[in-house]
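Shown next, in structure tokens, is the structure this report addresses.
The values are calculated or read from the model by the stated rules, or taken from the named source; none is laboratory data. This structure is a prediction, so every number in the text was calculated from the model and none was measured. Because the Cβ atoms are built from the backbone with ideal geometry, glycine has one as well, and the counts that use them run over all protein chains shown. Each accessible area value is taken on the protein alone, full model and side chains, heavy atoms only, with ligands, DNA and RNA left out. Shrake-Rupley method; radii C 1.70, N 1.55, O 1.52, S 1.80 Å.
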Amino acid sequence: MIRRLIGAAAAALAGAALTIVSAPSAHAAAVDFHAIVALSNCSGSVVRGPLSADADPAMVLTNGHCSELGFPQPGQVVADRRSTRTFSLLNSTGQQTIARLRATQIEYSTMTDTDITLYKLSTTYQQLRSQYGVEALRLSSERPLEAAQISVVSGYWKRIYNCKIDGFAYRLRESSWTWKDSIRYTPECDTIGGTSGSPVVDQASGQVVGVNNTGNEDGARCTLNNPCEVDQNGTITVRQGINYAQQTYLMTRCLVRGSDIDLTNATCQLPRP
């Protein structure tokens with residue numbers, strides 16, 4: 001999961017990062033770095049839901065384990081917590097930072113059932129468009145399909161990985177955390193530390209269908225950095241070198257106007273505090 005980088009190692013490696021785009025399929029739509037941000041230790045993106053208005057505060061999506069508060073414990077949900085975290089907004093080529101965005105709060109963060117943090121920003125969607133020419137990525141309200149062509153866009157490494165959805169893990173277990181219905185990539189998306197929080201973009205629609213979060217590095221079973229798949233019968237499968245993301249369509253059932261997460265909404269299935 002732990003596809004984030006820590007401390008001095010992060011700073012040193014980030015300074016050496018180059019813009020790299022792995023080869024897309026012949027039928028892939030163009031996916032670039034617009035609306036992509038780099039965090040101090042992770043990747044992220046500026047996103048909006050189906051009900052978002054231009055005057056609403058923009059939101060940044062990354063992983064729960066990328067939060068400045070540290071890893072949420074199993075069962076823990078953080079909501080409406082003040083934050084002043086900053087994000088480097090990239091241009092469409094990924095070669096230039098065009099703005100420093102600042103959070104006002106952590107709207108929602110958890111590592112239970114999923115692995116997400118949503119930040120609310122001091123900048124509105126309209127301001128992003130008028131000042132920087134940036135349109136937020138849209139969150140898909142539909143569950144993604146197996147074999148869909150996807151791109152994992154890392155703002156930290158300024159790298160785009162192209163592959164397909166290989167399938168879905170009923171449960172993905174890593175150390176103390178368990179995630180539901182996780183996206184499993186084909187091997188071409190060989191994500192590394194620092195890609196945590198990268199949006200998973202469906203190449204056909206251009207919409208976000210997941211957030212990159214983990215991979216089995218050493219072939220170990222259900223340990224930190226070595227998640228295992230658990231099926232409905234409790235059978236465990238280990239896939240060394242394979243990487244995963246968490247689906248994001250459930251977030252759209254909770255996001256309302258004002259860039260608020262409404263956990264009381266009857267259709268919202270995100271864990272509650």
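Taking the DSSP beta bridges with both ends in the chain, the antiparallel portion is around 90 percent.
Ranked by the mean number of other Cβ atoms within 10 Å of their residues, highest first, the peptides 150-160, 43-53 come out as 150-160, 43-53. Phi angles across the stretch 113-128 convert, under the Karplus curve 6.51 cos²θ - 1.76 cosθ + 1.60 with θ = phi - 60°, into 3J(HN,Hα) values of 6, 8, 9, 9, 10, 10, 9, 9, 9, 7, 10, 8, 4, 5, 5, 4 Hz, Gly and Pro given as x. Each peptide in 227-233, 200-206 was scored by the mean count of other Cβ atoms within 10 Å over its residues; highest first, the order is 200-206, 227-233. Around the amide H of THR214, modelled in the peptide plane, lie the amide H atoms of TYR244, all under 5 Å away and 5 or more residues distant in sequence or on another chain. Averaged over its residues, the stretch 128-189 has an accessible area of 41 Å² per residue, based on protein heavy atoms and a 1.4 Å probe. Estimated from the Cβ-Cβ distance and a Förster radius of 30 angstrom, the FRET efficiency linking ASP80 and SER205 is about 0.45. Using a simple spin-label model with pseudo-atoms 7 Å out from Cα toward Cβ, ASP262 and ASP218 lie 4.7 nm apart.
For the chain, a crude dipole built from +1 on the beta carbon of Lys and Arg and -1 on the beta carbon of Asp and Glu, taken about the Cα centre, is about 480 debye to the nearest 20. Cα centroids of the stretch 187-229 and the stretch 77-139: 20 Å apart. For the stretch 30-76, the square roots of the Cα gyration tensor eigenvalues, ordered a ≥ b ≥ c, give a/c of at least 1.5 with a/b no greater than b/c, which places it in the oblate category. Solvent-accessible surface of the stretch 66-116, averaged per residue with a 1.4 angstrom probe and all protein chains in place: 45 square angstrom. Residues whose amide H falls under 5 Å from that of THR104, counting only those 5 or more places apart or on a different chain, are LYS120, LEU121, SER122, with hydrogens built in the peptide plane. Applying the Karplus relation 6.51 cos²θ - 1.76 cosθ + 1.60 with θ = phi - 60° to the stretch 252-262 yields 3J(HN,Hα) values of 5, 7, 10, 7, 10, 4, x, 6, 9, 8, 9 Hz, where x marks Gly and Pro.
Karplus-derived 3J(HN,Hα) values for the stretch 190-206, using 6.51 cos²θ - 1.76 cosθ + 1.60 with θ = phi - 60°, are 8, 5, 10, x, x, 8, 3, x, 4, x, 9, 9, 6, 5, 6, 9, x Hz; glycine and proline are entered as x.
Solvent exposure of the stretch 192-264, expressed per residue, is 36 Å² of accessible area, with all protein chains present and a 1.4 angstrom probe. Surface composition of the chain: carbon plus sulfur atoms contribute 48% of the solvent-accessible area (1.4 Å probe, protein chains only, all chains present). Dividing the summed -39500 (n - 2.57) terms of all DSSP H runs of n ≥ 4 by the residue count of the chain sets its mean residue ellipticity at 222 nm at -1500 deg cm²/dmol.
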